[in-house]
Structure formats: C-alpha cells, structure tokens
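Chemist: Input: one structure, supplied below.
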Amino acid sequence: MNKVLVDAVSSILNIRPEAVTLETSQENTPSWDSLAHLRLILEIEQNLGIRFQSRDITRLNSVAALEEAISNLGR
Amino acid sequence: MKKERQKSTLRIALLAGSNLDLLEKPLTARLLEKEFAATIWNPGFNQYRQAILDPSSGLYQEKADAIVLYLDAADLFAGCLANPYDHSMAEIPAIVEAARADVASLVGIIAAQLASATVFLNTLSYADLSGTYQGLEYNSGFSFRQIVVSYNASLRELARGSSNVVVVDVEALVMETGIERWYDPRLWYLGRIPLSAQAHGQLASEYANFIAARWGSVRKCIVLDLDNTLWGGVIGEDGMTGIQLGHEGIGLAFVDFQRELLNLEQKGILLAICSKNNPEDAYEVIRKHPAMVLREEHFAAVEINWTDKAENIREIARRLNIGVDSLVFIDDSPVERQRVREAVPEVAVPEWPQDPCESRRALGRVACEYFLKFDISEDDRRRGEMYHAQAERERLAESAGNLEDFFRSLRMKITICRADHETLPRVTELTLKTNQFNLTTRRYTESELAAISADEGCRVYWLKLEDRFGPNGIVGVLILRRESREQWLIDTFLLSCRVIGRTVEEALLGYAMREMKELGATVLTGEYIPTGKNGMVANLYGKLGFAQTDSNEKRTLWTLDLNQKSIEVPVWFEIADRERISAQ
C-alpha cells in the first residue's frame, strides 16, 4: 500500500498504521465521517501533490478505492 | 523546547455563514505554537445569528474570550449576488449601511453579554464574485465591487468606535494567495466549505497572530546581522564602495529592506545589531554611507565584535532589560541561525531568504507573526529614542558618586493620573506586556480596564516619567480595589522595565497613599504572585515596609497599616500637573 495513504488514514482517522488495510472503509470505520473524509482527501492531495475530481471524492470511501485512484494518477 | 510562559486556556467561538470546521485544528495548532492553549466552540454551518441572538447558546455558556465572526460577501449580500443588475449605484450606500448595521448590532449584542470578549470581523474580498461583471465594473452604473469596498471601509469605523472589535484584513490574504488557490469549489459543493486547504492554513495563522497579539503575546525587538543582511557583501573585505547598498541594482533591495525596518521602528519595535565585524568598519557604514536608511540613533543596542552571537544576544536582552523571548533574530547565515536556535531557544529565529530581493517580503511575514499591533501610540513612536537615552543614563549612573546623587542628577519629573479614554490603550498594553516588575501579572483587555476604571470601588492610576534625557512616557500602572471602607487591595502594580531601579515604585505608591488616606483608608493589602519572571519584586512589599501576613506557593500577602507607617514620594521627584490631579 502507498505509505502516504496509510499515514494519512492513520493520522486523520486516528487508527494505528498497522491496523490500516485495504479493507478499511467508511462503512467499517466510525471515525470516517463526512468531514473526516474531506480532511483525508485534502491530506492525501497535499502530500502527493495530486488533485481528485469532485465525482471521485465521493466514490473514494475505502482504502482500496483510494489506493487504486492514487496509482491511476501515477503516484 | 518550550518556554515557561504560563497562559490560561482561551475560549474561542467560531461563528460563520459557511462551514469553517476545517479551521479548528490548524487554529488550535497555530495558537499552541504561540503557547496559547485554546478550546473552540463551533455551532456549525450558518448558525452564527442564532448563536448570537439566543442568550442560552454555547457562546454565552462557554463565555467565549475571542469570537471569530467570519462572514463573506455571499453571506452579507446574497440578494445582490442573486440579482446583480437589480440595484443601481445610488442604492449602494443604503445596501451597505443595512449590512453594516446588522453586523454592528450583532457585535453590540455580544458585547452586552460578554463585556470583555473580543470580536474579530473580516474584510470581504471581491474575489468570489463572478467574472461575468467584467467590463461593467467602472464603465457602467453597475458595480458590485463598490459594495465590497464600502462595506470594508465601514468596518474601520466599527473597530475604531468600539474597543472590543478587531478587523482582520482577509481581503489582503486573498490577494496574496490568489483567488484560484483561496477557494475550492469541490469542497463547497461537497461540504459547504468555501475555502481551500491552503486558505484554511493561512486563515488559521492570521487569526492565531491576531488573537495572540490581542492577548499580549508580541515581541519587542529585532536583532539584525549586518553583512549580507542590512547590506550586500562583507564590509571588512569589500569596503565602503564595494558593498551593495543604494539605488543601483540589488543595492535597492537592501535600501527597501531598511526602510521597512524603519517603519517597524516607528511602530515601536526596537532594532538592535548583532554582527561579527570590526566595529570601526561597521560604524563607518552606519554613520557615513550615503544610502544607509538606518543610523545609529535607530538602534537601541549594538553588539559588533567577534564574540559568539548567542552570547551577544543575551547581552542585548540584558541591556534593554527585556527577556530573550522578546527577541527575533534575523541573519542570512544558516549556521548563525542554527547556533542561536540551539543556544537560546526562546529567541525566535525565522528562516531567511538567500536572495536579498525577498528580504522585504520576509520581513512582512515576520512583522505579522511577531509584531502585530492594532494602534500606534505616541510612546511607540518614541520608543527607540527613549532606549537610546537609556544608554546615556547608564553612562551617567556609572559616573555618579552615590545613588542619591544619581537620582537627583536625573531631574525626574512625574505625572500621576487616573486612567481615562485617552490613556487606557497604553495602560492596557502595559498590563498585557509587563513581565518583570509586575506584582500580580493580571492581564487586562481594554474593555475590562474601562469597566474597572469606571467602577467607584476601584482606582486605576498611571505614571508618566520625564527626566533630563527626555520623556519616558507612561511607564507605571497601579490598580487599587476597595475591600471595605478602611481596607484597599493592590490589584495590579507594575513598572515598565526601562525605569526599574530609579525608585519610581515608591513615588507611585507614595502618591496613591495620599489619596487613599483622603478616602479614609487605614489598611493597604499587597499581593505578590510569582510567575517565573517577576522574581525581582518578590520582596518589594517587604522593602517598602509592609508586613507579611500570608504565604503559600501561589502567592504572598502583605499589609501596611497606614496609621503606623506611610510611604512618601522620594524628594528627588518633582510632581507635575498637580492641578489636573486634584481636579479629578
């Protein structure tokens, strides 16, 4: 998994880095509310120097989806 | 490493027409960097009006100290934005006045319930308005910009008219950042958050700077390197004609940087020099170089030698009688910056651009971060000069035979008055900034002090000192509270560090004592609250003849029986303005 992604998920959602897996998602993570979601997106954007489109932002609600989107953007 | 400055927790209310949730974290983080612990109460998207109007809202329950009331053009002029062509230039004054009156009334409601709170308002930017108006602005009877401009101008009167309003120029931040980077439409449509991640960071820094400055956290002195900082090149190698300073090429960047420093000096910020050089080489530039903007009289302290800079910086603080945590050190050399950061961590050492073209802008950022002021007092304008005179006093002290001769030779003249509308800002500044000669270190905002001075059971005195070397301005504050008819308590007793060691405290207390007696007081109680910085006055009351009545870790209490003992104004003081005092 992308290290920047793991660090962002861990710090924004208050999860230990070891506990972040591809299965981690908005559904199974109570701290992943809508504001935390935007915060997470902004953190990833800033640290990787990328920018997601608004339609993707709403879809990217799991670590697996984020991982894929990041690699599609070449990072 | 953390400084041992103690500050209580600030309660901040975040009220906005939009979603400012993302501001919470960076704002508390930036305040913590400035050693302010803060809690934030945020009622959420567009709840500002309810929060202010409802007397049982969290705003009042939490007793907020600082209220950020963040409104943008879309919140205040929604109607005009929706129908941009429906209003004419002639209607604009009324449209703006309605918005101004609305904001003023909200501020008034807050002030009525939270008398000592400060409301931070913001200027609007024109930037979030559509480009479809382009061409019409300035060329037709239509204008939206005029609404924004007049509203912003009206904020000035609001801030100047009430001591609990401070305006943050957010429009200037938007200009600096650029519209495209300030707003993030994705966040707006997904979360009703208008601003970008970057804008939240900048806004948090700006509000943290303003809040910290409002609560007295402002530094006092800029310590400057010379070679490649005040001028280009190395004077010891390049000589007077070889250094870059003047209107040719890059030399102008150094002239402009010095001009900006001079502006800060006139705002009351002290300038000092800390440079590794032969003093005669450096002084030749300072005194004789035709393009130097800053001259000897602009520097409150000068250390030009080959000693370690950390040591010189401590010496500068000692000579100016201020803490090292009041200093900001500017040097182009990363090695010197690192040395000072490690050896004297209390000194703020900003990163400094290698390219002198960037110095002026870098200084602007330093000024915002460490030297923010909301007004310039007469004292500020003369501060540098006063410190310069201080050096001459020290020379006199060294030549005088004994202390009393020295005091007499100073020809000190004091004025002591009760605080009024004109003097409150300076009195407030002293309660916020004085650390060393300060018995209780109670920090008061201007509105709190206005309330105290209007209270019949209180007396707020200030002392102004002049001597043969010129005026020192208002340098002492004494606040007394009546406990009972016979008994008064010294709530606040402080002196500016620049007059310490001249028996001014006796003059101030001795003078107040006369008035206390006239009011029928027989017992005066003094309190000493240790802070880690005010050790020099731990035994002041004892020295003045008070008897210690209570002592624990947090404070010691002292009383003086006015029937048994009195404190007199020392004979070497001349008391000025007698008529004015007795008339009060």
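Results for (1) at pLDDT 95 or above; (2) more than 14 Å from chain A (Cβ to nearest Cβ); (3) part of a helix (DSSP H, G or I), shown as yes or no for each residue.
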site: B:Ala159; (1), (2), (3): no, yes, yes
site: B:Val167; (1), (2), (3): yes, yes, no
site: B:Glu176; (1), (2), (3): no, yes, yes
site: B:Leu190; (1), (2), (3): no, no, yes
site: B:Leu203; (1), (2), (3): yes, yes, yes
site: B:Tyr207; (1), (2), (3): yes, yes, yes
site: B:Phe210; (1), (2), (3): yes, yes, yes
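Chemist: Residues A:Glu18, A:Glu23: which one is of a type in the set (Asp, Glu), in a helix (DSSP H, G or I) and more than 9 Å from chain B (Cβ to nearest Cβ)?
Modeler: Going through A:Glu18, A:Glu23 in turn, the sole match is A:Glu18.
Chemist: Taking A:Asp7 as the residue in question, decide whether it is more than 12 Å from chain B (Cβ to nearest Cβ) and either of a type in the set (Lys, Arg) or assigned to a helix (DSSP H, G or I) (or both).
Modeler: yes
Chemist: Would it be correct to say that A:Leu38 is surrounded by 14 or more Cβ atoms within 10 Å (Cβ to Cβ) and within 11 Å of chain B (Cβ to nearest Cβ)?
Modeler: Yes; evaluated as a whole, the condition is true for this residue.
Chemist: Another question, then. Surrounded by fewer than 17 Cβ atoms within 10 Å (Cβ to Cβ) and of a type outside the set (Val, Ile, Thr): which single residue out of B:Arg459, B:Arg426, B:Arg408 fits that description?
Modeler: B:Arg408
Chemist: Something else now. Would you check which residues across region B:439-492 are of a type in the set (Asp, Glu), in a strand (DSSP E or B) and under 19 Å from B:Thr525 (Cβ atoms) and list them?
Modeler: Passing the criteria: only B:Asp491.
Chemist: Of a type in the set (A, V, I, L, M, F, W, C), not assigned by TED's automatic domain parsing to the domain that holds B:Lys533 and not in a loop (DSSP other than H, G, I, E, B): does that describe B:Val293?
Modeler: Considered against the rule, which asks whether it is of a type in the set (A, V, I, L, M, F, W, C), not assigned by TED's automatic domain parsing to the domain that holds B:Lys533 and not in a loop (DSSP other than H, G, I, E, B), B:Val293 comes out as no.
Chemist: Would you mind telling me which numbered condition in (1) exposed (fewer than 13 other Cβ atoms within 10 Å of the Cβ); (2) touching a residue at least 24 places away in the same chain (Cβ under 8 Å); (3) closer than 20 Å to B:Ser105 by Cα B:Tyr151 fails?
Modeler: Exception for B:Tyr151: condition (1).
Chemist: Ok, one more. A:Leu73 - would you say it is within 12 Å of another protein chain (Cβ to nearest Cβ), over 12 Å from the mean Cα position of the chain (by Cα) and among the hydrophobic types (A, V, I, L, M, F, W, C)?
Modeler: Taking the combined requirement at face value, the residue does not satisfy it.
Chemist: For region B:1-111, which helices (runs of 4 or more DSSP H) that fit wholly inside it have 3 or more residues that are surrounded by fewer than 16 Cβ atoms within 10 Å (Cβ to Cβ)?
Modeler: Counting at least 3 such residues, we get B:24-33, B:48-53, B:78-82.
Chemist: Are there helices (runs of 4 or more DSSP H) fully within region B:349-420 with at least 3 residues that are modelled with pLDDT of 90 or more? List them.
Modeler: Correct list: B:359-370.
Chemist: Same structure, new question: It is to be established whether one or more residues within region B:121-140 are in a helix (DSSP H, G or I), touching a residue at least 40 places away in the same chain (Cβ under 8 Å) and crowded, with 20+ Cβ neighbours inside 10 Å.
Modeler: Scanning region B:121-140 turns up no residue that is in a helix (DSSP H, G or I), touching a residue at least 40 places away in the same chain (Cβ under 8 Å) and crowded, with 20+ Cβ neighbours inside 10 Å.
Chemist: A follow-up question, please. Across region A:42-61, what is the number of residues that are hydrophobic (A, V, I, L, M, F, W, C), assigned to a helix (DSSP H, G or I) and within 9 Å of chain B (Cβ to nearest Cβ)?
Modeler: Of the residues in region A:42-61, 2 are hydrophobic (A, V, I, L, M, F, W, C), assigned to a helix (DSSP H, G or I) and within 9 Å of chain B (Cβ to nearest Cβ).
The values are calculated or read from the model by the stated rules, or taken from the named source; none is laboratory data. Just so you know, these numbers come straight off a predicted model, no measurement behind them. Neighbour counts are summed over all protein chains in view; Cβ atoms, including those assigned to glycine, are modelled from backbone coordinates with ideal geometry.
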